[in-house]
Amino acid sequence: MTRLHRLQAMVALTVATASLPTLLAPPPLAADQQKPAEQTLIRPSQVRALPGQLDDLLMVNDNNPELITGEGILVSTFPQAPGLNVALNGRFDLFSHHVYAGQPEQLDSTLWLAVVAKPSGDTPVKLRLLDGSTSLSQATRKGQTASPFLPLPALMAESGTALSSGPGSKVAGDLLRGEIARELPREWHIEPGSVTPLLVLPIPVAGLDPLLNGRNLQLRLQSSGPVHIATLAAYGNGEKTPGPQTWSKLLKTGKHSPKEHQPTPRGARGRMVYSRVSGVQIGSTWKATLVDPGSDSLNVADAPISWPISSLERGELQTGQIQTAELKAFDEGTAWAAHGNYGVEYDLTLPLRNQGSEQRTVAIALESPNKTGSGNGQLVFSSSNSGPVMFRGPIEVTGLDGQEGRPSGRRRFHLVLRRGQEGPELGQITLKPGQSRSVRVRLVYPADATPPQVLSLRPVKQSTGASADRP
């Protein structure tokens, strides 16, 4: 039996046994060993639409297929079929996220991921990397940037050492810190008339058990003229990097790497299949100031308040707001929207003000409520934090309470949130009557996340005898 057949058999057995009667289930626990039943926790809270909107910067979104099972074009903006015929000029971004599980009967195969470019006209183009990073899940060679999926706690504060769990978490953190992975050049000179490889990066599985690796790549680019971009996948010859001719030939064949599941058509009823994106989306950054309606500040007495992050179709928490980036162009058979807003930076400012006569303290948190039931004055959580991970990545906050009552500078945290989990406090803000403070929250929505989340401003119970004169 081949490795592929064994894998298929395991999957078939898993599916088959899922519907067998309870005689296959383990014996019930004794009364004193039974786990407490999971309970639904309902927390009253305003749930407001997030102010602002996505900018109009174009981002090449390369995430379909996520699991690459064959060579071919992943996404192409070239004019030739199956390209999307989109020229990218000036500022634009690229988001790419893929997984590779090896080939049957080959334990040491490497999949190569290439980003290639060609000017759309007859003039050379200079392409500069403004910001960006890349990471594997697992390194198999010295010098490879990698971030294994470590079992981190729900909240960890960074104290000089970058924290990450998984390649999406790693790259999002690098972007927040302005760090660039060693594998990435800072600029390229692209001559017209031929396809130029910008990057050729491996996704190796040699020595891994199971044979599974992933790579996340994000680039923020500036071009001196219009260019066409494509991402391609090829096996190459062992560990030998495929040459430029490999990528030119692959692009000319017009063959796509096999796509994943079909998405639910827009407007269709019934079960929603979100699928993944292979296209060019409109929007790279969501920048906003969170204030009360008709005001230039946010009254801390209004807390608790929550704002959706990466809200989507059938996941807008009854706000009526779909934050999903629209697509300028996309491949047939892939999602019609970048549902997760993966790679999008959220840059949010909260101009807090205490308009009352007593000192007040509020806390900032990122949370992952249940989609069902949340909204319309409440958020729904689970008493158990044993569900699937819904958010795994970094967040940066500026303006929290620091030492001696002074606002702190930038502080970064790494979060691991499970479905229905109330987020741990990232920090508190204490304001005397009439006092104001601006708090800034930044995050790059990581590949290892499932939307939506909420950014929450929560009241903190005041200790007995709290005084407006207390620092």
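The values are calculated or read from the model by the stated rules, or taken from the named source; none is laboratory data. Just so we're clear, the structure is a prediction, and the values are computed from it rather than from any experiment. Methodologically, a virtual Cβ is constructed for each residue, glycine included, from the backbone with ideal geometry; neighbour enumeration extends over all protein chains shown.
What single numbered condition from (1) more than 20 Å from the chain's Cα centre (by Cα); (2) crowded, with 19+ Cβ neighbours inside 10 Å; (3) under 19 Å from Ile42 (Cα atoms) fails to hold for Ile429?
(3)
Which of (1) in contact with a Lys or Arg (Cβ under 7 Å, 6 or more places away or on another chain); (2) closer than 22 Å to Thr161 by Cα; (3) in contact (Cβ under 8 Å) with a residue 60 or more places away in the chain does Val444 not meet, given it meets every other one?
Every listed condition holds for Val444 apart from (1).
Look through Thr430, Thr372, Thr398 and report the one residue that is among the β-branched types (Val, Ile, Thr) and free of Cβ contacts under 8 Å to residues at least 24 places away in the same chain.
Step by step, each of Thr430, Thr372, Thr398 is checked, and only Thr372 is among the β-branched types (Val, Ile, Thr) and free of Cβ contacts under 8 Å to residues at least 24 places away in the same chain.
Residue check: is Thr319 among the β-branched types (Val, Ile, Thr) and at pLDDT 95 or above?
For Thr319, the condition - among the β-branched types (Val, Ile, Thr) and at pLDDT 95 or above - is met.
Taking Leu113 as the residue in question, decide whether it is outside the structural domain of Arg418 (by TED's automatic domain parsing) and either at pLDDT 95 or above or in contact with a Pro (Cβ under 6 Å, 6 or more places away or on another chain) (or both).
Judged against the criteria, Leu113 is a match.
Taking the conditions exactly as written (surrounded by 18 or more Cβ atoms within 10 Å (Cβ to Cβ) and either touching a helix residue (DSSP H, G or I) at 6+ places or on another chain (Cβ under 7 Å) or under 14 Å from Val171 (Cα atoms) (or both)), does Leu127 satisfy them or not?
Against the criterion (surrounded by 18 or more Cβ atoms within 10 Å (Cβ to Cβ) and either touching a helix residue (DSSP H, G or I) at 6+ places or on another chain (Cβ under 7 Å) or under 14 Å from Val171 (Cα atoms) (or both)), Leu127 does not qualify.
How many of the residues in the stretch 39-59 are closer than 25 Å to Ser223 by Cβ and of a type outside the set (A, V, I, L, M)?
3
Taking the stated definitions as given, is Glu332 under 28 Å from Pro65 (Cα atoms), surrounded by 17 or more Cβ atoms within 10 Å (Cβ to Cβ) and among the charged types (D, E, K, R)?
Judged against the criteria, Glu332 is not a match.
Between Glu367, Glu358, which is acidic (Asp, Glu), crowded, with 22+ Cβ neighbours inside 10 Å and over 20 Å from Gly267 (Cα atoms)?
Glu367
Can you name every residue in the stretch 320-343 that is farther than 28 Å from Ala81 by Cα, touching a residue at least 40 places away in the same chain (Cβ under 8 Å) and in contact with a Leu (Cβ under 8 Å, 6 or more places away or on another chain)?
Residues satisfying the conditions are Gln321, Gln323.
Mind telling me which of the residues Gln218, Gln222 ends up being buried (at least 22 other Cβ atoms within 10 Å of the Cβ), under 28 Å from Asp174 (Cβ atoms) and touching a strand residue (DSSP E or B) at 6+ places or on another chain (Cβ under 6 Å)?
Gln218
Taking the stretch 143-159 as the search range and keeping residues that are surrounded by fewer than 16 Cβ atoms within 10 Å (Cβ to Cβ) and in contact with a Ser or Thr (Cβ under 9 Å, 6 or more places away or on another chain), which one is farthest from Ser408 (Cα to Cα)?
Pro148
For Lys142, only one of the following conditions fails: (1) within 30 Å of Glu187 (Cβ to Cβ); (2) in contact with a strand residue (DSSP E or B) (Cβ under 9 Å, 6 or more places away or on another chain). What is its number?
Against the list (1) within 30 Å of Glu187 (Cβ to Cβ); (2) in contact with a strand residue (DSSP E or B) (Cβ under 9 Å, 6 or more places away or on another chain), Lys142 comes up short only on (2).
If Ser311 meets every condition in (1) surrounded by fewer than 21 Cβ atoms within 10 Å (Cβ to Cβ); (2) under 17 Å from Asn376 (Cα atoms) apart from one, which number is that one?
Ser311 satisfies every listed condition except (1).
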